Amino acid sequence: MEILRIRGGTRLEGSVPVSGAKNAALPILFAGILSDQPSQLRNVPDLADIKTTLKVLETLGISVTRDGDRVGLHAKQLSSIEAPYDLVRTMRASVLVLGPLLARAGEARVSLPGGCAIGARPVDFHLSALEKLGAVFDIEGGYIHGRAPDGLRGATMTLPFPSVGATENALMAAALASGFSEIQNAACEPEIIDLAEALRSMGAKITGEGTPLIRIEGVSSLGGMNHAIAPDRVEAATFLCAGLISKGKVRVTGIASHYLGSALEVLGSMGAKISSGTDWVEAESTGVLLPAHLKTAPFPGFPTDMQAQFMALMTQAEGNSKIEETIFENRFMHVPELARLGARIRIQGNEALVEGPTRLSGATVMATDLRASASLVIAGVVASGETLIRRIYHLDRGYEKLELKLSALGAQIHRETEK
């Protein structure tokens, strides 16, 4: 089992490149199912979830090639419509195979997915949206079996909640449905915009992405795509938090400030000096870290995927901070692990009250989910002594070479195999 070993107390400074976004790359890779023509993608991150997705695509009979951050796909002919349990059990995003398979093959059989244990995250929103397009579903033996007996037809889909995944599934399916479709109360995240741009490169007719109302005019067929994956805003925010907790100065490159709007607002309110250019953002410590109150919400609100990282940062603020989590009911599982490092955090329902500043001391901790892993790394950067983080396979699902990038900024961190 691999672990991360961190010796805290080093000031981080320098520039670090941001990889392609996992949350943008996964649906775009699944979108390759929609065409029988070759596709080329660039800026694809090297992550465990990406590798799982490519294996799922190969299981469906899709040709996959990879060269660095470039991935080639060719779904000339599908040999299967099943995404098996052994592959998708570790990755919630695997449900995104449903829409493309129904649109291309008229049938899909997908294992109920796994992923981080941060809440129920039901697939109901996905299924109800696809049902509007004409799909019918049975759930048995741990599998979702979907069919489109009369093909997919354009429809109005109103989401009960602006779910990113349900918006993506509906968008991909509607691209090949006959007639016009609307997605009302659609998610507005940058990853939705990136998917729409990728689909348009295939010939899809989509307008309104980035707003709560997306309109799609279905087409009879799609060509191959040629697209570069958008930068990872969650990774960028993680590096900025790591720099600030160390009283340092970190610049993330390959990303524009509009990807980080709400996160930068909170960092600015905490006393960070924020600078930005066309393709970079920098956060510099001013020596004082102020407390903050934040509430997670769908875009353009504060992202739930950044909540844990900001909680680690808040342990060093000069006063008490508050986080209200409104998206996932179990997303405070990292709190007991931060407490092992000395953090003083109280949970009241869906709120976390963070007392600061707190002197953190190194200890052995365990990652409970992907973003929790990052919060422990950030805390370890400032904790005195040595911090050991176990179960870092969670980290590898969403961060590309994190320890190498942090080392380049001056962190004393390395990966090793636990004996």
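Relative contact order of the stretch 233-311: 32 percent, from C-alpha pairs under 8 Å at least 6 residues apart in sequence.
Across all directions, the average projected area of the convex hull around the alpha carbons of the stretch 22-228 is 9.7 nm².
Looking at the chain, the DSSP beta bridges with both ends there are about 70 percent antiparallel.
Less than 5 angstrom separates the built amide H of Ala177 from those of Val219, all sequence-distant by 5 or more or on a different chain. Per-residue Cβ neighbour counts within 10 Å put Tyr399, Tyr393 in the sequence Tyr393, Tyr399, beginning with the fewest. Magnitude of the charge dipole for the stretch 22-228, about its Cα centre and with charges confined to Cβ atoms of Lys, Arg (+1) and Asp, Glu (-1), is about 180 debye. By other beta-carbon atoms within 10 Å, ranking Thr364, Thr90, Thr278 with the fewest at the front produces Thr278, Thr364, Thr90.
Amide H contacts for Ala83 (H built 1.01 Å from N in the peptide plane; partners 5 or more residues away or on another chain; cut-off under 5 Å): Arg109, Val110, Ser111. Report the normalised scattering of the chain as log10 I(q)/I(0) at q = 0.12, 0.13 Å⁻¹, calculated by the Debye formula with identical scatterers on the alpha carbons. Results for the chain at q = 0.12, 0.13 Å⁻¹ read -0.94, -1.08. Pairwise alpha-carbon distances in the stretch 268-419 exceed 27 Å for 21% of all pairs. Distance from the C-alpha centroid of the stretch 232-273 to that of the stretch 1-64: 22 Å, rounded to the whole angstrom. Counting Lys and Arg as +1 and Asp and Glu as -1 over every other residue whose Cβ lies under 15 Å from the Cβ of Gln412, the net charge comes to +1. Just add up the charged neighbours of Ser80: K/R +1, D/E -1, any other residue whose Cβ is under 11 Å from the Cβ of Ser80. Charge balance near Ser80 sits at -2. Qualifying GluC sites (Glu not before Pro) in the stretch 303-355, where qualification requires a DSSP coil assignment and no more than 14 other C-beta atoms within 10 Å, comprise Glu318, Glu329. Charged side chains reduced to their Cβ positions (Lys and Arg at +1, Asp and Glu at -1) give the chain a dipole of some 740 debye around its Cα centre. Each listed q (0.08, 0.16, 0.18, 0.19 Å⁻¹) maps to a log10 I(q)/I(0) for the stretch 186-342 from the Debye sum over equal C-alpha point scatterers, namely -0.29, -0.93, -1.09, -1.16. The convex hull defined by the C-alpha atoms of the stretch 1-140 has an orientation-averaged projected area of 11.3 nm². Work from the charge dipole of the chain (Cβ charges, +1 for Lys and Arg, -1 for Asp and Glu, about the Cα centre) and give the residue of Met314, Leu370, Leu260 farthest towards its positive end. Value computed over the given set: Met314.
Within the shell defined by Cβ-Cβ distances under 14 Å, the residues around Glu131 carry a net charge of 0, with Lys and Arg each +1 and Asp and Glu each -1.
Coupling constants for the stretch 402-419 follow from the phi torsions by the Karplus curve (6.51 cos²θ - 1.76 cosθ + 1.60, θ = phi - 60°), and in residue order they are 4, 5, 6, 5, 5, 4, 5, 8, x, 5, 9, 9, 8, 9, 8, 8, 6, 7 Hz; glycine and proline get x. Dividing the alpha-carbon radius of gyration of the stretch 287-353 by the rule-of-thumb value 2.2 N^0.38 Å gives 1.05. Ordering Arg251, Arg147, Arg70 from the fewest to the most neighbouring beta carbons within 10 Å gives Arg70, Arg147, Arg251. Applying 1/(1 + (r/R0)^6) with R0 = 30 Å to the Cβ-Cβ distance of Val288 and Lys51, what FRET efficiency is obtained, to the nearest 0.05? For R0 = 30 Å, the calculated efficiency reads 0.10.
Coordinate-derived values only; no laboratory data. A quick note: this is a predicted structure, and the numbers were derived from the prediction, not measured. Neighbour counts are summed over all protein chains in view; Cβ atoms, including those assigned to glycine, are modelled from backbone coordinates with ideal geometry.
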